[in-house]
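The values are calculated or read from the model by the stated rules, or taken from the named source; none is laboratory data. Just so it is clear, the model here is predicted, and its values are computed rather than measured. In this analysis, Cβ positions are derived from the backbone assuming ideal geometry, glycine residues included, and neighbour counts consider all displayed protein chains. What goes into the accessible areas is simple: the full protein's heavy atoms, side chains included, and nothing from ligands, DNA or RNA. Shrake-Rupley method; radii C 1.70, N 1.55, O 1.52, S 1.80 Å.
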Amino acid sequence: MSVTEARADLSPVAPPPRPRGRWRSIGVLVVVALAILALLSQGLLSSLNYFETVDQVLAHRAAVGTKEIRLEGLVAARTIVRTAVGTDFVVTGSKGRVVVHATGEPPQLFAANIPVVVVGHFTTRRGLTFAATSILVKHTATYIAQHPTRVRAPNGSTR
Amino acid sequence: MTRLAQRLLGPVTLLSLAVTAWLGLWVTPPDRVQGDLARLVYVHPALAWVALYLSFGTATIASVLYLWPRTRSVTADRVAVSAMEVSLVFILLTLATGSIWGRPTWGVWWAWDARLTSTAILGVLALGYLALRRANDDPEARARRSAVFAILSAINVPIIHFSVVWWKTLHQGATVFTSTRSLKIHGIMAWTLLISFVAFTLAYGWLVRARYRLEVARAGREAALLAEAIARRAAEVVR
Amino acid sequence: MIRVAGRVARKDLLIEWRSRVLLWQVVPFGAMALLLAGLALGPTRAGSSGAGPGLYYLVMVLVTLLAAQRSAQVERGAGTRASVATLGLDPAGVFLGKALALCVELWAIGLVLGAGTVLFLHTALRAALVASPSIAATLAALAAAGTLYGALTTGDGSAATLLPVLALPGFSPLLIAGERSFSAAAAGGATGSWWVITLVALVVYLAAGVVLYGVLEDA
Amino acid sequence: MTPVVALRDAVVVAGGFPLLAGVTLEIAPGTGTLLVGANGAGKTSLLRLLGGLERLAAGEGSVLGLDLRRADRRDLRRRVGWLGHDGSFYDDLSARENLRFAADALGRPRELVDAALERVGLTPRAATPTRRLSAGQRRRLALAWLVVRRAELWLLDEPYAALDEDGRALLDELLVDVVASGGTVVASAHDPVRSPAITATVRLAGGRVVP
């Protein structure tokens, strides 16, 4: 190889210009925002369904069948019976009632006249007897004083 | 003025926490259903507010500011790590108080509930952030990587949240708050709740400030050590 | 960006083809994990519990960790990092290329382990076929996420062992969404809203990678 | 003429340790500079700084007209030719595949690859995965890439190490050509090297330039 050839061979060349993705970042952020919005819209439509109330379940009782569900209702007074395997009681809604056979120890707060969520399934396709594997005392944002006359509600009434 | 506010932050925080404790433990009545357990409402929601929104949010915003070329500064990085560390502490406290509450109401220490699960995952993310910082020596690499991870975590939070929400509850039907069961909290209980939020927010500010100052002090010490090391290297040279 | 992505993907697949790390190390690991899952459930429950989809995704998430680690390791050598840096590749393209290569690899492994799930855990073949688009999408999202977390833990020191801690929280929604739609397919139902989570996660990770990969590379 | 490299009190830090503790240096275009110093004197760190692979922690500097404090280091990296210890890009790829990948990345014609391999005497091993190449063969591979690349600034970290007599001659001949055709070469070595391409020798010790 001659010297001149070698020189021509090795003279410096600059790299091609670097693409700068200024708009790319913005475009990508828009896409992400849209994706999150899609998630939120779906979320708002179908989230927050921690349970179905007794009334809702009874309204479409046939569709529920014996599927595993979370059922919410008020524990009816004077229906709580301790059994060998757990507790039997009745939960009520405004339009109906369901007999619950729960297995296992109920939580400490379990009592009559409080809202509970029971997890389990109906024993038959049509019946109103529910086999529960756990009882959750409902955790709402409702706080009402035990001795209501001592406390005034913000609107001035006492409860 | 700001100096005075800074000096007062600590005492005011302690005072407001004390007021919360006094109102929460002695003044407010027990709840109709939950009895004395309801007193956790003066601790747990405020802790969760600080853990999930305030501090994680601060860390995320600081991380974005760090990565955005025009607003890049060491301050943003220091704020991010301070907020994230406080966030981890508050997440752990939130989980602990929630667990204490869950045992009597749900009968279990841990339920595979959406909120619990996503909060626990958030805790692991905060832990991962702090671990990632420890694994990088170079300050700039550390700042960049942890900022990227913080942002990644933040955009992941809604995804994680919705995935666990749907996971447990893919049934159609009721919502938690129906028209008849709207938010109801009585007089002094509501005030105590409000004060607890103020108290824990102040506590958050106080802790982040202390942590931030620690970070500044640490940077100062590192700079001094580096200057010393440069001088020592210069002395090494035999002429 | 796309051109760089293509070259990087081809390079990564070529390296995999040469080294056969996935074939000889990751696939046997996945198969063994699936067998262990069967052992943990016990002989009566393993075949009838309907846990197949969940275990499949659990194993795939673990496999993704290994594969992502390998994919990041390829770029991790000190000499490789310095000399590749002087090539000035577009980081977004590198990210997309590596994610694409990882995705192809995960699809291949997913196919093998899917067959394993059908054989050992008695998941219906029809369910697996119905769920296959959702599986493919989930694995793609896992690949994008794994590439990003892998780059996050590239570097000197102890960073590489951090990958599981950083990646698993991000993988968790994909595990849930994938398992749900696979299970729904097994039960003969619609996979509806779970697709939204998978697709949103895929888009978010791809977008984050395109924007942020360069920041990581430079660090 | 504007210098290719101009550093003033340049400091490079890693893990709190000053790899470079204040380097002041100027290098004119079309020259060959040799950095000489003991192990740990800061030769590699200085080359990495010039290649945009390390961050300038303190001091001032510009390389190829780019301000090291302000410019994006990525712009600098693309303009240098780097010869490191490993010689290849990816160990699992063959010599030819490595060079093709790199050539594609920087828009260099692929036809140059085989000619470059021929020039450094690697044609018989062109299809071997580079992890099976010897240290000297890896150096030759790295040289082949530099021939393909034709950068403005060549940064060679210990180029003479592991090269045989033949290889050294090849390297010298190459460097002479580069300098003659307007390129700038900065190379490192622990001991002074006699080479026609080297026009200046800079001695480093303790992360500084010493007379």
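Taken over region D:82-98, the criterion of being part of a loop (DSSP other than H, G, I, E, B), open to solvent by 40 Å² or more (accessible area, probe 1.4 Å) and touching an Asp or Glu at 6+ places or on another chain (Cβ under 8 Å) is satisfied by D:His85 alone. With respect to B:Trp106, is the statement that it is surrounded by 20 or more Cβ atoms within 10 Å (Cβ to Cβ), closer than 21 Å to B:Val164 by Cα and free of Cβ contacts under 8 Å to residues at least 12 places away in the same chain true? Yes; evaluated as a whole, the condition is true for this residue. Looking across region D:52-84 at every residue that is touching a residue at least 24 places away in the same chain (Cβ under 8 Å) and touching a Gly at 6+ places or on another chain (Cβ under 6 Å), the one that is farthest from the other protein chains (Cβ to nearest Cβ) is identified as D:Leu68.
Does D:Val147 meet the test of being over 19 Å from D:Arg77 (Cα atoms) and assigned to a helix (DSSP H, G or I)? Spelling it out, it is not the case that D:Val147 is over 19 Å from D:Arg77 (Cα atoms) and assigned to a helix (DSSP H, G or I).
Taken together, C:Gly79, C:Gly93, C:Gly88, C:Gly97 contain a single residue that is within 14 Å of another protein chain (Cβ to nearest Cβ), over 24 Å from C:Leu35 (Cα atoms) and not in a helix (DSSP H, G or I), which is C:Gly88.
Condition first: over 18 Å from C:Gly93 (Cα atoms), of a type outside the set (A, V, I, L, M) and assigned to a helix (DSSP H, G or I). Now tell me which residues in region D:99-111 satisfy that. Within region D:99-111, D:Glu111 is the sole residue that qualifies. Residue selection: C:Gly42 fails the criterion of being open to solvent by less than 20 Å² (accessible area, probe 1.4 Å), within 23 Å of C:Ala186 (Cα to Cα) and under 21 Å from the mean Cα position of the chain (by Cα).
Checked against the criterion of being more than 9 Å from chain B (Cβ to nearest Cβ), open to solvent by 10 Å² or more (accessible area, probe 1.4 Å) and free of Cβ contacts under 8 Å to residues at least 24 places away in the same chain, the candidates C:Leu125, C:Leu206, C:Leu199 yield just one match: C:Leu125. Among all positions in region C:22-33, there is no residue which is in contact with an Asp or Glu (Cβ under 9 Å, 6 or more places away or on another chain) and outside any helix (DSSP H, G or I). Filtered by the rule that a residue be of a type outside the set (A, V, I, L, M, F, W, C), in a loop (DSSP other than H, G, I, E, B) and open to solvent by less than 70 Å² (accessible area, probe 1.4 Å), region A:82-123 gives A:Thr83, A:Gly93, A:Gly96, A:Gly104, A:Pro106, A:Pro107. Would you check if C:Ser48 is loosely packed, with under 14 Cβ neighbours inside 10 Å and touching a residue at least 24 places away in the same chain (Cβ under 8 Å)? It is true that C:Ser48 is loosely packed, with under 14 Cβ neighbours inside 10 Å and touching a residue at least 24 places away in the same chain (Cβ under 8 Å). Picking from residues in region D:102-111 that are within 7 Å of another protein chain (Cβ to nearest Cβ) and more than 19 Å from the chain's Cα centre (by Cα), the one that is least open to solvent (accessible area, probe 1.4 Å) is D:Asp104.
Among the residues here, B:Ile91 does not qualify as in contact with a Leu (Cβ under 8 Å, 6 or more places away or on another chain), open to solvent by 30 Å² or more (accessible area, probe 1.4 Å) and in a helix (DSSP H, G or I).
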